[in-house]
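The structure appears below as structure tokens.
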Amino acid sequence: MKTNWKGLIAAPHTPFAADGSLNLGVIEKQCEKLITDGVIGAFVCGSTGEGVSMSVAERKAVVARWIDVASGRLKVVVHVGHTSIADAAELAADAQAGGADGISALAPYYFKPASVGHLLDFLAPVASAAPELPFFYYHIPSMTGAALPMVSLLEQASERIPSFAGLKFTHNDLLEFAACLRFENGRYDIFWGSDECMLPALSVGAVGFVGSTYNYSAPLYQKLRAAFAASDLAEAMRLSDTVMDAVRALLRNPGLSSGKAIMEGMGIPVGAPRPPLRPLTTAQAEILVARLRELGAIG
């Protein structure tokens with residue numbers, strides 16, 4: 001069920017009010033910025049969206065709001081991953097019923113799958129709850145501990161998941177990523193998920209990208225993609241250096257907290273992350289936003 005989606009898909013932050021409750025009214029502002037910046041989709045309730053810190057009911061509410069405000073102008077891919085198959089399947093069915101464009105799930109991260117077969121035992125009933133939607137496995141071993149071979153997953157997935165469409169590949173193993181891109185002559189969509197390494201990913205053939213920094217720095221990445229497409233390697237390398245400098249600045253503090261501070265600094269009030277994460281201090285946020293503006297990573 002390959003989609004052939006090309007371009008940037010942002011992983012948006014879930015906006016919270018001061019008391020920690022959902023602040024769904026902000027999503028329209030988030031969505032309009034993505035559209036203005038040429039982003040093609042939103043990967044909702046993933047790591048950046050703090051999906052694992054939200055209840056099933058909250059996740060459904062966020063998804064419904066994104067589908068409503070996107071109104072067909074953005075692809076809405078819903079992360080339904082959970083440690084419970086039943087809850088993940090419920091989220092998948094809800095996404096299909098609500099009009100989402102795709103679903104994705106990561107590996108269970110408490111009791112971990114010991115093999116690709118065990119992982120598919122978990123994923124297959126989740127995907128089957130939304131059989132009309134393309135299903136993408138969210139490969140993020142740094143968070144799940146499931147460092148399984150992805151080519152093996154591609155070899156076995158379609159037999160267990162008819163709607164299998166590919167991967168969100170958030171891992172810096174470029175060799176494995178390239179092998180996945182070339183699997184059966186590009187049978188599946190393989191979305192690159194490490195923003196700071198876009199140029200290396202482009203060099204091996206990446207065409208689709210999912211990332212958190214596209215929420216605020218999409219124009220910078222669009223310029224990088226355009227320079228690479230024009231074979232202007234010097235400009236592409238210059239822009240890649242800017243991307244890496246911006247990510248280094250962001251990662252001086254916890255990345256999710258930094259991302260939310262940047263959004264706040266740009267006038268999009270997504271609020272603080274949920275515990276156990278903490279927001280940046282006012283001083284930390286001001287230094288970060290100033291540095292990204294100095295680099296030209298944000299407007």
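Remarks
Yes/no matrix, rows are residues, columns are (1) closer than 24 Å to Trp192 by Cβ; (2) hydrophobic (A, V, I, L, M, F, W, C); (3) in contact with a strand residue (DSSP E or B) (Cβ under 8 Å, 6 or more places away or on another chain):
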{"site": "Gly20", "(1), (2), (3)": "no, no, no"}
{"site": "Glu28", "(1), (2), (3)": "no, no, no"}
{"site": "Lys33", "(1), (2), (3)": "yes, no, no"}
{"site": "Gly46", "(1), (2), (3)": "yes, no, yes"}
{"site": "Ala93", "(1), (2), (3)": "no, yes, no"}
{"site": "Ala97", "(1), (2), (3)": "no, yes, no"}
{"site": "Tyr110", "(1), (2), (3)": "no, no, no"}
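- Selected residue (criterion: farthest from the chain's Cα centre (by Cα)) from residues of the stretch 216-242 that are of a type in the set (D, E, K, R) and surrounded by 16 or more Cβ atoms within 10 Å (Cβ to Cβ): Lys223
- Scanning the stretch 65-82 for residues being in a strand (DSSP E or B), of a type in the set (A, V, I, L, M) and closer than 17 Å to Ile161 by Cβ gives a total of 2.
- Residue within the stretch 41-62 that is of a type in the set (S, T, N, Q), closer than 25 Å to Pro219 by Cα and surrounded by 19 or more Cβ atoms within 10 Å (Cβ to Cβ) present: yes
- Val78 vs. criteria crowded, with 18+ Cβ neighbours inside 10 Å, closer than 17 Å to Ala95 by Cα and either in contact with a strand residue (DSSP E or B) (Cβ under 7 Å, 6 or more places away or on another chain) or not charged (D, E, K, R) (or both): yes
- Checklist (1) outside any loop (DSSP other than H, G, I, E, B); (2) charged (D, E, K, R); (3) surrounded by fewer than 20 Cβ atoms within 10 Å (Cβ to Cβ); (4) within 20 Å of the chain's Cα centre (by Cα) applied to Asp245, failing item: (4)
- Look at the stretch 35-54: where a residue is touching a residue at least 40 places away in the same chain (Cβ under 8 Å) and a partner is assigned to a loop (DSSP other than H, G, I, E, B) and of a type outside the set (Gly, Ala, Ser), sitting 6+ places away or on another chain with Cβ atoms under 6 Å, you get Gly41/Leu74; Thr48/His13; Glu50/Thr14; Glu50/Arg274; Ser53/Arg274.
- Any chance Arg278 is basic (Lys, Arg), under 21 Å from Pro12 (Cα atoms) and at pLDDT 95 or above: yes
- Yes/no for Glu155 being among the charged types (D, E, K, R), surrounded by fewer than 16 Cβ atoms within 10 Å (Cβ to Cβ), modelled with pLDDT of 95 or more and under 18 Å from Trp5 (Cβ atoms): no
- When the stretch 248-292 is filtered for residues that are charged (D, E, K, R) and assigned to a helix (DSSP H, G or I), the ones remaining, listed by number, are Arg248, Lys260, Glu264, Glu286, Arg291.
- Residues (touching a helix residue (DSSP H, G or I) at 6+ places or on another chain (Cβ under 9 Å) and surrounded by fewer than 18 Cβ atoms within 10 Å (Cβ to Cβ)) located in the stretch 248-264: Arg248, Leu251, Arg252, Gly255
- Those residues of the stretch 174-218 which are free of Cβ contacts under 8 Å to residues at least 60 places away in the same chain, part of a helix (DSSP H, G or I), within 22 Å of Val247 (Cα to Cα) and of a type outside the set (Ser, Thr, Tyr), in sequence order: Leu174, Phe177, Asp195, Glu196, Cys197, Met198, Leu199, Pro200, Ala201, Leu202
- Across the stretch 216-234, the qualifying residues are those that are in contact with an Asp or Glu (Cβ under 9 Å, 6 or more places away or on another chain) and of a type outside the set (Phe, Trp, Tyr), and the one among them that is farthest from Lys75 (Cα to Cα) is Ala227.
The values are calculated or read from the model by the stated rules, or taken from the named source; none is laboratory data. These numbers were taken from a predicted model, which means no experiment stands behind them. Neighbour counts run over all protein chains shown; Cβ positions are idealised from the backbone, glycine included.
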